[in-house]
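Asker: Take a look at this one; I'll ask things after.
We did not get these values from a lab; they are worked out from the coordinates using the rules stated. Keep in mind that what you see is a predicted model, and the values were worked out from it rather than measured. Counting neighbours? That spans all protein chains shown, and the Cβs are built from the backbone with ideal geometry, glycine included.
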Amino acid sequence: MKKAGSWILLTVCGIVVSSHSATIMHKFVAIDEGRSNLLYVNEADSTKNWTVPISQNTPRDLQLIGSNRVLVGHADGYLEVDLATGKILKTVTGFSGATSARRLENGHTLLTGVNLAKSTGVVVAEVDSLNAVVGKIVYPGSYSRLMRQTAKGTYLIASDTMIQEGDKTGTFFWKAPVAGFSHMWKAVRLPTGNTLISAGYGAFMVEIDPSGAIVRKFGDKTAVPTAVHPYFYAMFQLLNNGDVVVANWQGHGDGHGASGIQLLEFDKTGAIVWQWSRADMISSLQGILVIDSLNTSLLYDERNGIMEPIGTVANLVQSKSLPENSCSFRLVQAARSISIMPLFANVYTAAIYDLAGRCAQTFRGTGNAVLAVSKSGTYLIKCSDGINTLTRKLAYVK
């Protein structure tokens, strides 16, 4: 935990640090690769914390998959873990060489790794709920770490000294090496078209443009206090406010808990605004998933850089959903608002949600209603007359 808020930037011996009056406190899940443990930390309420053994080799990936579960990718498949208790609810093995695991909207799982599913090369295999391989893409190569999909349906695959982007035919059509990359770990595509990447043993974060040119670089040993001990920047998460939280892994096996500061949050200037490390709880953190205000009943992915819910409207708002013309309401979009016009005189309820599942405004009563939102974006509207429920995804509210 570290102070943050109305930041005053200072330069001490050439290093940017910050001081602040408010307190950043996170809820997060982390992979302790050194001890092969999974831990949940709630900085505001430590009674909810837990640590459980993963009991699988080389856990690497994390994803919030809905139903209050987190997906944990490991070197032989994946686990599903209950967020409230840490109980392992599902174990999938038999996919030796897996380096990444991502749940899809259809309930299947993409496993990425080397020589998977009886194929040679870097393989992205689609596995159904019965663990059968129902599709695969095979790329040339012998190295991979985390894979992330983009909004365009392509695949960003961490490839040691470069990031590579592949299509569904097995072709890498974009490659971007960056000086200092060594076992680089993860990349996400930003809405600008740029790519944000963790450098592995290079121990820095970097944003590059489509030509591969560096837009910004931060977090390296010249830019942080010595106590941070940048060793290996592994999994990271881009937060909604533009901050980046990254795991600063310190080495295999036990005994690294007192080495470095293992979770770091950088703001847009590259200043550290939050940090977490507990020598009594961990050895070497490699995976990080910041939960905070995310709706744990929903499936999330990073196809636009930040964590966003994906899937159907029925997944986003749990309700009895009906076609619009079977529910007795009319919905009319206006500037930053939705007008609701019931075609009956009874009491009804209505609510408007953003795609993180946060309720912006509610109404209960009779007659027409107007639900307003504070900013432009995509929203969900839910209306119920007590018998039928209409759930509609609005493409955009200006």
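Asker: Can you list residues from other chains, or at least 5 along the same chain, whose modelled amide H is less than 5 Å from the amide H of His229?
Answerer: Ile261
Asker: For the range 186-231, build the convex hull from the C-alpha positions and give me its volume per residue in Å³.
Answerer: Taking only Cα atoms, the range 186-231 has a hull volume of 72 Å³ per residue.
Asker: Let me make sure I get this right: for the range 177-273, a, b and c are the square roots of the gyration tensor eigenvalues over alpha carbons, sorted descending. Under 1.5 in a/c it's rounded, otherwise prolate if a/b > b/c, else oblate. Which is it?
Answerer: prolate
Asker: A follow-up question, please. Quick one: Cα convex hull volume of the range 139-195, Å³ per residue?
Answerer: That works out to 72 Å³ per residue.
Asker: Given R₀ = 22 Å, FRET efficiency for Thr47-Thr23 by Cβ-Cβ distance, to 0.05?
Answerer: 0.75
Asker: Compute the relative contact order of the range 45-161 as a whole-number percentage, counting only Cα pairs closer than 8 Å that sit 6 or more residues apart in sequence.
Answerer: Reported relative contact order: 15 percent.
Asker: Checking a compactness column here: for the range 24-311, what do you get for Rg(Cα) / (2.2 N^0.38 Å), N being the number of residues?
Answerer: The value comes to 0.92.
Asker: Which value in Å does the Kirkwood hydrodynamic radius of the range 100-253 take, with 1/r averaged over all unlike C-alpha pairs and then inverted?
Answerer: 16.1
Asker: Quick one: grab the alpha carbon gyration tensor of the range 251-302, order the square roots of its eigenvalues as a ≥ b ≥ c, and give me rounded if a/c is under 1.5, else prolate or oblate depending on whether a/b is larger than b/c.
Answerer: oblate
Asker: So, one more: Once the other residues with Cβ under 11 Å from the Cβ of Asn57 are scored (Lys, Arg +1; Asp, Glu -1), what is the net sum?
Answerer: Result for the neighbourhood of Asn57: -1.
Asker: Using Cβ counts within 10 Å as a stand-in for footprinting exposure, how do Cys359, Cys383 rank, fewest first?
Answerer: Neighbour counts put them in this order, fewest first: Cys359, Cys383.
Asker: What do the square roots of 5 times the Cα gyration tensor eigenvalues come to for the range 41-166, in whole Å, largest first, as semi-axes of the equivalent ellipsoid?
Answerer: 26, 15, 14
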